[in-house]
Amino acid sequence: MTINPELQGRSYPTGDSFTVGREAIRDFARAVKAGNRAHYDVEAAQALGHRDLVAPPTFAIIVAQRADAQLIADPSAGIDFTRVVHADQRFVHHRPIVAGDELVAELHVDQVRAMGGGAMITTRAEIFTVDGEKTATTTSSLLVRGEEQ
């Protein structure tokens, strides 16, 4: 199946919310070898002006990938996930993500570009709290290899 070029401009609504927990932040920080004490110690985070543990910047990928899953699961997209190569990821932070945040993401397909037998799909996830406060914008590029690649 080929990638549907009409994906460009499509948006996927927010799904279930994701509550950021202290242990999720600590586990993620350990996994990415983030050493700042504000990721592990509430008092250290509060001393920096945060209300609770602060997540490493790349933590936003957890919420963004939940939004990306809607695109991957959309049968009209024509994406065979076994043929996907993650090409690029960028983050713009509007404010730090902290423990206790309840986050949602709206996904936008900004570009679909044919490349040989495959396609490069660029998505943007707008991440915000359930109260509407913008926290991060992630931009992701996925290369979907063609059948013969």
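The values are calculated or read from the model by the stated rules, or taken from the named source; none is laboratory data. These numbers come from a predicted model, not from an experiment. Heads up, the Cβs are rebuilt from the backbone with ideal geometry, glycines too, and the neighbour counts pull from every protein chain shown. To get the accessible areas, we keep the full protein, side chains included, count just its heavy atoms, and leave off ligands, DNA and RNA. Shrake-Rupley method; radii C 1.70, N 1.55, O 1.52, S 1.80 Å.
For region 105-149 and region 9-61, what is the centre-to-centre distance using only Cα atoms, to the nearest Å?
Answer, in whole Å: 22.
Hey, if we sort Lys134, Lys33 by accessible area with the 1.4 Å probe, largest down, what's the order?
These residues rank, largest area first, as Lys33, Lys134.
In Å², what does the accessible area per residue of the chain work out to with a 1.4 Å probe?
Working: 7810 Å² over 149 residues.
For the chain, the solvent-accessible area averages 52 Å² per residue.
About the Cα centre of region 5-61, how large is the charge dipole given +1 on each Lys and Arg Cβ and -1 on each Asp and Glu Cβ? Please answer in debye to the nearest 20.
Using only the charged Cβ atoms, the result is roughly 180 debye.
Explain nothing, just the number: relative contact order of region 50-137, from Cα pairs under 8 Å at least 6 residues apart, as a whole percent.
33 percent
For the chain, what is the charge dipole size about the Cα centre, in debye to the nearest 20, if Lys and Arg each add +1 at the Cβ and Asp and Glu each add -1 at the Cβ?
440 debye
Mind pulling the angle between the C-alpha long axis of helix 60-73 and the longest principal axis of the chain? Nearest 10 degrees, somewhere in 0 to 90.
For helix 60-73, the angle is close to 30 degrees.
Given a 1.4 Å probe and every protein chain left where it sits, what share in percent of the accessible area of the chain is carbon and sulfur?
51 percent
Give me the angle, in degrees from 0 to 90, between the Cα long axis of helix 22-31 and the longest principal axis of the Cα atoms of the chain, rounded to the nearest 10.
Approximately 60 degrees, to the nearest 10.
Could you check the spin-label model distance between Arg51 and Val32? Points 7 Å from the Cα along Cα→Cβ, value in nm.
That separation, rounded to one decimal, is 2.2 nm.
If you take the charge dipole of region 97-149 about its Cα centre, with +1 on Lys and Arg Cβ and -1 on Asp and Glu Cβ, which of Thr138, Ala119, Ala99 is farthest toward its positive end?
Ala119
Read through the labelled values (1) 9.1; (2) 12.3; (3) 11.0 and report the label of the one computed as mean projected area of the Cα convex hull in nm² from the structure.
(1)
Mind grabbing the accessible area of Thr139 for me, 1.4 Å probe, Å², rounded to tens?
About 50 Å², rounded to the nearest 10.
Which residue, chosen from Ile3, Ala24, Ala47, occupies the Cα position most advanced towards the positive end of the dipole of the chain, where the dipole is computed from +1 (Lys, Arg) and -1 (Asp, Glu) charges on Cβ about the Cα centre?
Of the candidates, Ala47 comes out farthest on the positive side.
Normalised by the number of residues in the chain, what is the relative contact order in percent for Cα pairs under 8 Å and 6+ residues apart?
Relative contact order here is 30 percent.
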